[in-house]
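What follows is a short report on a single structure.
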Amino acid sequence: MKRVILLSFVIISFISCSSDNSSDGETQDPVQTQDPIIGTWNLEKDNGFNVDACTGQSTYVFTNDGKFTFTQYSTINNQCTLDSQNSYNGEWTNNDDGTYYIKRHGFTSGTDAPISFENNNQDMIIGRFTWAKQ
């Protein structure tokens with residue numbers, strides 16, 4: 001009977017051990033748990049075609065605090081110009097289903113946008129646009 005109790009204690013001890021090492025004062029590497037959307041992204045392709053040098057300066061910057069900035073560049077009168085009317089800030093949330101809730105500042109609601117990642121999370125696909133991580 002003592003052997004059964006001892007064996008039960010040993011089995012319960014192994015089952016209750018956690019593989020999470022964060023309780024011993026170590027912090028987990030934030031890169032391992034970081035959302036793939038976080039970073040600075042340059043517009044690379046529109047509908048599979050490379051964009052020109054000016055349009056390619058357009059960026060999304062997603063930060064780990066759930067905020068983002070979109071900056072658009074356009075060729076106006078043969079000049080590459082920051083298009084401030086089409087640039088904006090907002091907030092994002094990962095819905096954990098392949099979509100992200102994207103809400104622009106100044107709007108009362110946002111949208112669930114399908115966003116995917118390819119090339120080891122170095123390419124972000126939003127609709128017909130491909131964005132390359134800097």
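Computed quantities for the displayed model
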| read-out | value |
| --- | --- |
| For I102: the one exception among (1) under 17 Å from G127 (Cβ atoms); (2) hydrophobic (A, V, I, L, M, F, W, C); (3) loosely packed, with under 13 Cβ neighbours inside 10 Å | (3) |
| Qualifying residue in the stretch 78-94 (condition: closer than 13 Å to I37 by Cα, surrounded by 14 or more Cβ atoms within 10 Å (Cβ to Cβ), among the aromatic types (F, W, Y) and more than 11 Å from the chain's Cα centre (by Cα)) | no |
| Leading residue by the ranking (nearest to N94 (Cα to Cα)) among those in the stretch 35-56 that are under 10 Å from the mean Cα position of the chain (by Cα) and free of Cβ contacts under 8 Å to residues at least 60 places away in the same chain | D35 |
| Selection from the stretch 123-134 of residues that are surrounded by fewer than 15 Cβ atoms within 10 Å (Cβ to Cβ) and either charged (D, E, K, R) or more than 13 Å from Y60 (Cβ to Cβ) (or both) | R128 |
| Scope the stretch 114-134; condition in contact (Cβ under 8 Å) with a residue 60 or more places away in the chain, more than 16 Å from I38 (Cβ to Cβ) and outside any loop (DSSP other than H, G, I, E, B); matching residues | F129, T130 |
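Conditions tested, residue by residue: (1) among the polar types (S, T, N, Q); (2) at pLDDT below 95.
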{"residue": "V31", "(1), (2)": "no, yes"}
{"residue": "V61", "(1), (2)": "no, no"}
{"residue": "T81", "(1), (2)": "yes, no"}
{"residue": "K103", "(1), (2)": "no, no"}
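The values are calculated or read from the model by the stated rules, or taken from the named source; none is laboratory data. Fair warning: this is a prediction, and the values are worked out from it, not measured in the lab. With ideal geometry, Cβ positions are generated from the backbone for all residues, glycine too; neighbour counts draw on all protein chains shown.
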